[in-house]
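Written below as structure tokens is the structure these notes are about.
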Amino acid sequence: MLKKKKKNKNKQSTTTTTTPASQTGNRVPSPGFSLASVFGLGRTQPRQQTPQQTTHLTTHQTPQQTTHQTPQQIPSNTTTTTTTTTTISPPTRWNHSTPTPRTNRSDITIHIRRPGEGNSSSSEREKVVVVPDAPQESGESSADQGISPEVLQMLDEIEEVLQLPGADDAVYLPVSQLGLTLKIDYTPLQRMEDGEEADFIDTRLERILGRPHPLGAAFMHKYGARDPRMTVWVMRALCLLSDNAEALSAMGVNPGAAVQRLIAMAKKQSRLSLSAPSHGFEMQVLQVGGFVEGKLLSSLFPPDRPTCLKLLSLYHPARTERGEVVLLPPLDFQQLGVQMKNLMHQVVMSEWKAWRETGKPMARHAIEDIAKVAGFLQGWLKERFGTFPLAAVDSLYHNGWTYEKQLVSTLSKPGDDNELLGWLMNRGQLVGWGQNYGAPFKTTSYDPSRKEDREALQTIYADLLANPQFKQALKAVSKLTACCSKGQGKIMVQPLFPSTKVMSRTQFRWRQARTLIHEFLHALTHEKLTEASWNIGEGQVLTEGLTDLLTAQFFAQLVQEVRSNEEIRRLILGDEPFEEPAAKHLEVGYGAAGEKAKIIKALVGIDNLMAAYFLGAVKFIGL
């Protein structure tokens, strides 16, 4: 924040000494770019052999008047005495001189210049930066050098970066996730001369890759002047990787792929600032580069043979824990059809009644209020449980995806046959394997590994959708069902409150917070885990069972924080009176799929499970 300069009413005179830029110079933005090459400016031509002046300006002001002055603006009621000393000095390139001491930001004030005030020709109000009346180190104004205010602001930002730890000296950062101490040394960038950037990139790449890779010239030609911030980001990343190349190479990461990912990351607006707190820049380089993922996976062990057989029996209903394949009798199609149609009718009607009392409109719940909770949960999960999600090189956390902006109403669903079929297939798995529903898949010898059985089940779903009354009810329920649409990058939630006869508002807010966690985890699910679910008998064990297991674990932690933190309580529960969440919200749901997920966790451990879920390393859960 900029503070206003303290006024001194007793001050009688001010002396300003102006010194040629050739004697003091201007600081060059790291790493070694001149303004001409970085910002595409025409370099100021050297002056002809004209005298350069040192001018002493003595101004006298009355005690009653205080005026914000620009270098070009002196009040008419000021008496000025000018002493001029003329010296001759050869022209010097301004961008290779010694740094200029910077004015303390706390001493800077902002003056709003009105139209026509001073030497301004603007018809609009203008902001004017006013520095304290201290000796100035540069004789050339910004206008003389052809530097725009935007460029000066960027220079300020870059110079702030230079004051960070590791900018002027090397620091050593212990990184517990990697089990190493990271060397952070960006001083070579400061020592770099203009035009040496390409050689620097090539040298650092050779240290990282272990072989020459002349990319620097092409990179600088393409990005050097067009996107200087991105260029500085990449060069700092190369500094970090090359200085720690030996330790990082032991993590089994392909260095070429790591560099490519980092260059792609640098092009995104979601790249972390060089001055991000808690060494956020360095951690993002390690995460996107794949080094955190490599380290996490190197510390885990796949399950042994007996454990794998137990796991496979969970994924495939026709396999035993000894690895035997059981030949099931032919599917009883008629019985399966009767049971599934009856049960799906019951499920649809019960879900509709849970939302609405007959003839009574449902209360609205503003999507904007729900989005605030979603945004909080995204940051909260990152802080509390971010190790594995952030280690994924393509994580949503690295591509700028924000929960608040991608949250939409379930009422926007189209209600077409593809949507309704997807609803039936999801609930059908829950019903078909669920003991609470009599497990009709099991009692009718349904084997998902048999193509004819899968086709028979699709026929049953098609018959259900052919019933106009059922289809109309299903459309209404689908519009009240939260979901994650990964293809669109959207998460849908209900902008409504259900009937209070079924659930209190407090309990619904608890359930909605749990739902927001569950759907966000779907968005973070690695595509390799999703693909693995297509090739096992009970795919819902992976897609819903594991998701709800993690949801229950994270939600339990959230409940503890709501109990102890009033601000979080008001965000999650609103103005509703506090009551503990229903026990079912703390349990793993999704019927048989959830029960099997708990067995998987017990067999392989939570780290193996999260490595498969967030990083796609499915071998650690026996696949």
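The values are calculated or read from the model by the stated rules, or taken from the named source; none is laboratory data. Since this is a predicted model, take the numbers as computed values, not measurements. Here the Cβ positions follow ideal geometry from the backbone for every residue, glycine too, while neighbour counts run over all protein chains shown. Side chains included, ligands, DNA and RNA excluded: accessible areas come from the protein's heavy atoms. Shrake-Rupley method; radii C 1.70, N 1.55, O 1.52, S 1.80 Å.
Place a +1 charge on the Cβ of each Lys and Arg in segment 295-430 and a -1 charge on the Cβ of each Asp and Glu, then give the dipole magnitude about the Cα centre in debye, rounded to the nearest 20.
Details: 16 positive and 14 negative charges, 56 e Å.
Dipole of segment 295-430, to the nearest 20 debye: 280 debye.
At a 1.4 Å probe radius, carbon and sulfur cover how many percent of the accessible area of segment 159-297?
Working: 3190 of 6270 Å².
Exposed carbon and sulfur together represent 51 percent of the surface.
Using a 1.4 angstrom probe, figure out how much accessible area segment 525-572 has per residue, in square angstrom, rounded to the nearest whole.
Heavy-atom SASA per residue in segment 525-572 reads 42 Å².
Within the accessible area of segment 325-463, what % is carbon and sulfur when the probe is 1.4 Å and the other protein chains stay in place?
53 percent
Counting Lys +1, Arg +1, Asp -1, Glu -1, what net charge surrounds residue 371 among other residues with beta carbon under 15 Å of its beta carbon?
Result for the local shell: +1.
Can you compute the charge dipole magnitude of segment 366-446 about its Cα centre, using +1 on each Lys and Arg Cβ and -1 on each Asp and Glu Cβ, nothing else charged? Give it in debye, rounded to the nearest 20.
Details: 7 positive and 8 negative charges, 62 e Å.
For segment 366-446, the charge dipole is close to 300 debye.
Express the C-alpha Rg of segment 268-404 as a ratio against the empirical globular expectation 2.2 N^0.38 Å, rounded to two decimals.
1.70
Suppose every Lys and Arg Cβ carries +1 and every Asp and Glu Cβ carries -1, with no other charges. What dipole size does segment 215-275 come out with about its Cα centre, to the nearest 20 debye? Spell out each step's value before the answer.
Working: 8 positive and 3 negative charges, 78 e Å.
The dipole magnitude comes to about 380 debye.
Can you give the accessible area per residue of segment 429-497, in Å², using a 1.4 Å probe?
For segment 429-497, the solvent-accessible area averages 45 Å² per residue.
For the cross-link pairs 268/584; 413/584; 486/584; 353/382; 310/490, which exceed 32 Å when the distance is taken from alpha carbon to alpha carbon?
Working: 268/584 41 Å; 413/584 28 Å; 486/584 27 Å; 353/382 36 Å; 310/490 36 Å.
As for pairs spanning more than 32 Å Cα to Cα, those are 268/584; 353/382; 310/490.
Taking the solvent-accessible surface of protein heavy atoms with a 1.4 Å probe, what is the per residue accessible area of segment 274-345 in Å²?
On the way: 3710 Å² over 72 residues.
I get 51 Å² per residue for this part.
Net charge near residue 537: determine it from the other residues with C-beta under 12 Å of the C-beta of residue 537, scoring Lys and Arg +1 and Asp and Glu -1.
Residues close to residue 537 contribute a combined charge of +2.
Could you list which residues have their amide H under 5 Å from that of residue 490, counting only those 5 or more apart in sequence or on another chain, with H placed in the peptide plane?
The answer is 485.
Tally up the carbon and sulfur contribution to the accessible surface of segment 498-595 as a whole percent, 1.4 Å probe, everything protein left in place.
On the way: 1870 of 4050 Å².
Here carbon and sulfur together make up 46 percent of the probe-accessible area.
Please give the net charge around residue 400, taking every other residue with its beta carbon less than 14 angstrom from that of residue 400, where Lys and Arg add +1 and Asp and Glu add -1.
With Lys, Arg at +1 and Asp, Glu at -1, the neighbours total +3.
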